[in-house]
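The values are calculated or read from the model by the stated rules, or taken from the named source; none is laboratory data. Model, not experiment: these values are computed from the prediction. Here the Cβ positions follow ideal geometry from the backbone for every residue, glycine too, while neighbour counts run over all protein chains shown. The area values use the complete protein model at the heavy-atom level, side chains included, leaving out ligands, DNA and RNA. Shrake-Rupley method; radii C 1.70, N 1.55, O 1.52, S 1.80 Å.
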Amino acid sequence: MPALQAVLWDMDGTLVDSEKVWAEVQLELLAELGATWTIEDCMTLIGSDLRDAVQVWMARIPAGVIAAEELADRMFSAVIEALRKDVTFQPGALELLLALRKDDVPCALVSASYRQMIDAVLLHLPPDPFDVIVAGDEVTLGKPNPEPYLTAAAKLGVDPANCVVIEDSMTGTQAGTAAGAYVVAVPQWITIPEASRRLVVKSLEPLTPESLRSLLR
């Protein structure tokens, strides 16, 4: 039976409750720029690459109000500022991460967020919580493409088929599945259906290193 070689973590909405921060910033800034944007619109972008999200936002803003590059910078800066001040860890996430580290299970952080945003979240974690970090601005194709997870597995020197991916979004779940990993989905704002080599849970609180190992048996 294959052993659990690594756990590959998504960040936004999975490790920390940053989707709420993203939504608040989107609603405030896009309204300021004359766009009609709702919480339901925010939900459609959960797990999206920033480059893709900017194109969606620009389509809602009146022409000539702002350039795409400036919009991305303003959105990005506002979220980073909020995350540097404080983050809320998802229930059971930090406990599971620390238990995996104690058990010497390699862990990677694989996020659609850019490196600066990841660094803001890492300020609230113990030193060196991940063996590898793959940021959204460090890959060519973001989720749902498997490139981010394949990149993380390659850097760790492990077989993706013997890894567990932890995700909260449909795009991230698709990326993990396409990479060949077993996916634990813990959706917060959306519905993720059951599927082969996928466990959908309401919270990470019941999970342990051993329960993740059992998924591969």
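If only one of TRP37, TRP22 is open to solvent by less than 50 Å² (accessible area, probe 1.4 Å) and over 30 Å from CYS107 (Cβ atoms), which one is it?
Details: TRP22 fails: over 30 Å from CYS107 (Cβ atoms).
Among TRP37, TRP22, only TRP37 is open to solvent by less than 50 Å² (accessible area, probe 1.4 Å) and over 30 Å from CYS107 (Cβ atoms).
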- Task: Report yes if some residue within the stretch 71-94 is in contact with an Asp or Glu (Cβ under 6 Å, 6 or more places away or on another chain), β-branched (Val, Ile, Thr) and touching a residue at least 40 places away in the same chain (Cβ under 8 Å); otherwise report no.
- Result: yes
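Can you tell which of ASP52, ASP86, ASP73, ASP17 is of a type in the set (Asp, Glu) and touching a Ser or Thr at 6+ places or on another chain (Cβ under 6 Å)?
Values: ASP52 fails: touching a Ser or Thr at 6+ places or on another chain (Cβ under 6 Å); ASP86 fails: touching a Ser or Thr at 6+ places or on another chain (Cβ under 6 Å); ASP73 fails: touching a Ser or Thr at 6+ places or on another chain (Cβ under 6 Å).
That would be ASP17, the only listed residue that is of a type in the set (Asp, Glu) and touching a Ser or Thr at 6+ places or on another chain (Cβ under 6 Å).
Per-residue answers, yes or no, for (1) more than 30 Å from GLU210 (Cβ to Cβ); (2) crowded, with 18+ Cβ neighbours inside 10 Å:
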| position | (1), (2) |
| --- | --- |
| VAL7 | no, yes |
| THR14 | no, yes |
| LEU29 | yes, yes |
| GLU69 | yes, no |
- Message: Looking at (1) open to solvent by 30 Å² or more (accessible area, probe 1.4 Å); (2) modelled with pLDDT under 95, which one does PHE76 not meet, given that it meets all the others?
- Response: (1)
- Message: Can you pull out every residue in the stretch 59-105 that is within 29 Å of PRO129 (Cβ to Cβ) and among the small types (Gly, Ala, Ser)?
- Response: ALA72, SER77, ALA78, ALA82, GLY92, ALA93, ALA99
- Query: Counting just the residues of the stretch 122-146 that are small (Gly, Ala, Ser) and part of a loop (DSSP other than H, G, I, E, B), which one comes out most open to solvent (accessible area, probe 1.4 Å)?
  - Reply: GLY142
- Task: Give the number of residues within the stretch 100-121 that are in contact (Cβ under 8 Å) with a residue 60 or more places away in the chain, farther than 21 Å from GLU24 by Cα and crowded, with 16+ Cβ neighbours inside 10 Å.
- Result: 7
